Amino acid sequence: MPDLTELMPIAGVLLLSVASPGPNFALASSTSMSVSRQAGMFTGLGFSLASGLWAWLAIAGVHVLINHAPAVHAAARVLGGIYLIWLGAKMLIGARRPLNDGATAQDAKTAVFRRAFLVSMTNPKAIVFYGSIFSVMVPANAPLWFNAAIVVLASSISACWYCGLALLFSHRLARDVYRRLKVLVETAMGVLLMGMGGRVLFGR
């Protein structure tokens, strides 16, 4: 029967996964700077929900379906790539628009939460991680409390990391720099997201 010490390597791998650069990082940092700290926190919570759901799906054995049904993986890859390209194009188009300091209404919170959740759920890196590496580390026939602890751990680590990024990038100094370099930053972020989307679609 697994014990609490077996959660430590799983926690380490989860932390390395969320800390690696990717579309989640780009979205969390840009939202925190361009909208507000609160919007950045809701973005982090969207990523957190997706991480917990992915962990639960991996434990439930959905990785078996993904690994043995290439069409499912391919569909997720195409959807994820197209969504990242769309987000990047949207950011490019809005790069020259004035900064909207009032974008903290409830609809904005819901929008950034939903966007973060969708980006994470269609991220091929998450599919590969939770569908292979992560699922191998989870002991077979683990008790319910252990599996529940893993789901909570995945969600908590993601929330701490991305909400921490929100606190960092929404700092007054960061936002002041962003105001001066808005066009440059949003153009770079847009190109980055579109490049990631293209890599997802056409990379091997």
Original post:
What are the pairs, 6+ residues apart or on separate chains, where a residue within the stretch 85-105 that is on the phi < 0 side of the Ramachandran plot and of a type in the set (Val, Ile, Thr) has its Cβ under 6 Å from a residue that is assigned to a loop (DSSP other than H, G, I, E, B) and modelled with pLDDT of 80 or more?
Top reply: Thr104/Ser36
Subject >> Test for Arg199: is it at pLDDT below 85 and surrounded by fewer than 15 Cβ atoms within 10 Å (Cβ to Cβ) >> reply: yes
**OP:** Consider only pairs whose beta carbons are under 9 Å apart and that are at least six residues apart or on different chains; among these, list those whose first residue lies in the stretch 1-26 and is of a type in the set (D, E, K, R) and surrounded by 11 or more Cβ atoms within 10 Å (Cβ to Cβ) and whose second residue is part of a helix (DSSP H, G or I) and at pLDDT below 85.
**Re:** Glu6/Met137
Original post:
Out of (1) surrounded by 15 or more Cβ atoms within 10 Å (Cβ to Cβ); (2) at pLDDT below 80; (3) out of contact with any Leu (no Cβ under 8 Å at 6 or more places or on another chain); (4) in a helix (DSSP H, G or I), what's the single condition that is false for Asp107?
Top reply: (1)
Subject >> Neighbours by Cβ (under 8 Å, 6+ apart or cross-chain): first from the stretch 144-173, within 24 Å of Val35 (Cα to Cα); second β-branched (Val, Ile, Thr) and surrounded by 14 or more Cβ atoms within 10 Å (Cβ to Cβ) >> reply: Ile157/Val18; Ser158/Val18; Trp161/Val18; Tyr162/Val18; Tyr162/Thr43; Ala166/Thr31; Ala166/Thr43
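The values are calculated or read from the model by the stated rules, or taken from the named source; none is laboratory data. Keep in mind the model is a prediction, meaning the values are calculated, not measured. Cβ sites come from the backbone with ideal geometry, for glycine too, and all protein chains shown count toward neighbours.
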